[in-house]
Amino acid sequence: MAVFRAWHGTPTQRMRPGTRTSWTKFGCWLYPVLLIGLTCLAHWQIHHLLTADDRARTEHSTLLDSGQRQLTDHGFSSLAARKALAHAYGRMDADSGTKQPTIFVSIAAYRDDECKDTLNDMFAKASHPRRIQVGVCQQIRSSDELCWNTTMQRSKQVKIATIPYFAGKGPCYARYVASTLYQGEDFYLQLDSHMRFGEGWDQALIDMVLSSSDQRAVFSHYPHDMAQMSSTAPRTNDVPRMCDAYFDEATGFPFFKTVQQHMQPGDHRPAAFTAAGMLFARADILAEVPFDPELDLVFIGEEILYSARLWTHGWNLYTPDKNICWHHYNRSTRPNVWGDIPGWYERQSVGNARVRYLLDMVPDLPNGQSQASLDYYGMGYKRTLAEYWQYAGLDVKERRTWTREKYCA
């Protein structure tokens, strides 16, 4: 009680204005200081009790939540305005002083320590690196190496969306997030995060589209393995062509196989399929055939679904007429969602059910799926899905294929 009175004065003193003790006056400003100090101490203790991954979980969950609100509008509400702005101002090449067509490069990365090297090589090998803008969705652990940072060369040309690995939803969602970083560039290039490039790859791709005289051309294939970039590598025009298919027993989705064919410049051979790790087209493709964010942990079904959607929306599929990049395929020791994410199989089953419905492999609407969403991310109206199966040489219900006879000859 004596201590209490020393701090606050007696009841009589508190009732009389001007009779407070010096201790009371001292307490008036000391209380807030102590409160702030104790609060800071508590926050410091909580901060250091959390593990590194727990801290990342807290921070990134907040970022992801705000990002989700931003992405609900599919990221393309101002697409026309962005394209108009980009075309109006262009991108001047420092050496030639001429306006160069721009390329938006989309990269999905999952805990990939090769991502940074991929970006460095991509800029180093480009004929006009200033015209390249990159959007990366990196799904990482707090201890993983970042794809890019602000101290690196051309950092202003690289936009990064970061998702903690435990909140990752697989490559389809990552490509969706990366696509929302598009800012009106002329062309769209989709890549994986572990690749290398040939000299002048950017101009070679643009020349392919322009020489085809097809405004709706999509050039895509499985590139050669990175190990084949040595002196014994195939010639520049010995290109893997995706002209064969077989069905995966577990999912029922078609897998694609390549046959190496010698191509001449301007030899634009039709293709039945597209590859997720190398796809190039005019950037209008992003608005016309937007990426589906609801394909949770889908892998095998990603490419056949997007191929069918592109073709039914009126886009024409071709094999590149030369090798412009190489891919690192043997990555069995790298981190992956199967080892990182508990319950991945159940989540993937939901995503695969969505793919089967969109491809008309099953008649019933999957549980919990919105018909409006399925319609928005479904087939186009320029050509029918049945026509695509005939074009590709596939019967997905009977699991029959005659693709090789049509395209490998």
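If a residue counts only when it is of a type in the set (Lys, Arg), which helices (runs of 4 or more DSSP H) contained entirely in segment 317-407 have at least 2 such residues?
Result: 344-358, 403-407.
Taking the conditions exactly as written (of a type in the set (Val, Ile, Thr) and free of Cβ contacts under 8 Å to residues at least 12 places away in the same chain), does Val362 satisfy them or not?
Yes.
Do you know which of the residues in segment 292-334 that are hydroxyl-bearing (Ser, Thr, Tyr), touching a strand residue (DSSP E or B) at 6+ places or on another chain (Cβ under 9 Å) and modelled with pLDDT of 95 or more is nearest to Ala126 (Cα to Cα)?
Of everything passing the filter in segment 292-334, Thr319 is nearest to Ala126 (Cα to Cα).
Can you name every residue in segment 102-120 that is in contact with a strand residue (DSSP E or B) (Cβ under 6 Å, 6 or more places away or on another chain) and aliphatic (A, V, I, L, M)?
Ile103, Val105, Ile107, Ala108, Ala109
Evaluate segment 385-405: report whether one residue or more is at pLDDT 95 or above, touching an Asp or Glu at 6+ places or on another chain (Cβ under 6 Å) and hydroxyl-bearing (Ser, Thr, Tyr).
Yes, because at least one residue in segment 385-405 is at pLDDT 95 or above, touching an Asp or Glu at 6+ places or on another chain (Cβ under 6 Å) and hydroxyl-bearing (Ser, Thr, Tyr).
Take the residues in segment 342-365 that are among the aromatic types (Phe, Trp, Tyr) and within 22 Å of the chain's Cα centre (by Cα); name whichever of them is farthest from Lys397 (Cα to Cα).
For segment 342-365, the residue satisfying everything is Trp344.
Taking segment 248-273 as the region of interest, how many residues are surrounded by fewer than 18 Cβ atoms within 10 Å (Cβ to Cβ) and not β-branched (Val, Ile, Thr)?
Qualifying residue count for the region: 14.
For segment 283-293, give me each residue that is crowded, with 19+ Cβ neighbours inside 10 Å and more than 13 Å from the chain's Cα centre (by Cα).
Ala283, Ile285, Val289
Can you pull out the residues in segment 303-316 that are surrounded by fewer than 22 Cβ atoms within 10 Å (Cβ to Cβ) and not in a loop (DSSP other than H, G, I, E, B)?
Thr312, Asn316
Residue by residue through segment 226-247, note down the ones that are at pLDDT 95 or above and out of contact with any Leu (no Cβ under 8 Å at 6 or more places or on another chain).
Hits for segment 226-247 are Val239, Pro240, Arg241, Met242, Cys243, Asp244, Tyr246, Phe247.
Say whether the condition of being of a type in the set (Lys, Arg), surrounded by fewer than 17 Cβ atoms within 10 Å (Cβ to Cβ), over 11 Å from Glu294 (Cβ atoms) and out of contact with any Pro (no Cβ under 7 Å at 6 or more places or on another chain) is met by at least one residue in segment 355-378.
no
Which of the residues belonging to segment 379-398 are surrounded by 15 or more Cβ atoms within 10 Å (Cβ to Cβ) and polar (S, T, N, Q)?
none
Just name the residue that is surrounded by the most Cβ atoms within 10 Å (Cβ to Cβ) out of those in segment 155-185 that are of a type in the set (S, T, N, Q) and more than 17 Å from Phe123 (Cβ to Cβ).
Residue satisfying both the conditions and the ranking: Ser179.
Between a first residue in segment 274-288 that is more than 14 Å from Thr102 (Cβ to Cβ) and a second residue that is modelled with pLDDT under 95 and surrounded by fewer than 19 Cβ atoms within 10 Å (Cβ to Cβ), which pairs have beta carbons less than 6 Å apart while being 6 or more apart in sequence or on different chains?
Short answer, once both residue conditions are applied: Ala287/Phe76; Ala287/Leu79.
Sort out which residues of segment 107-139 are closer than 19 Å to Leu297 by Cβ and either more than 18 Å from the chain's Cα centre (by Cα) or small (Gly, Ala, Ser) (or both), and write them in order of number.
Selection gives Ala108, Ala109.
Conditions: (1) outside any strand (DSSP E or B); (2) more than 23 Å from the chain's Cα centre (by Cα). Gln261 meets all but one. Number of the miss?
(1)
Take Ala287 and tell me if it is within 18 Å of Tyr381 (Cα to Cα) and modelled with pLDDT of 95 or more.
Yes, satisfied.
The values are calculated or read from the model by the stated rules, or taken from the named source; none is laboratory data. Bear in mind that the values here come from a model prediction, so they are computed numbers and not experimental data. Ideal geometry is used to build each Cβ from the backbone, glycine not excepted, and the neighbour counts take in all protein chains shown.
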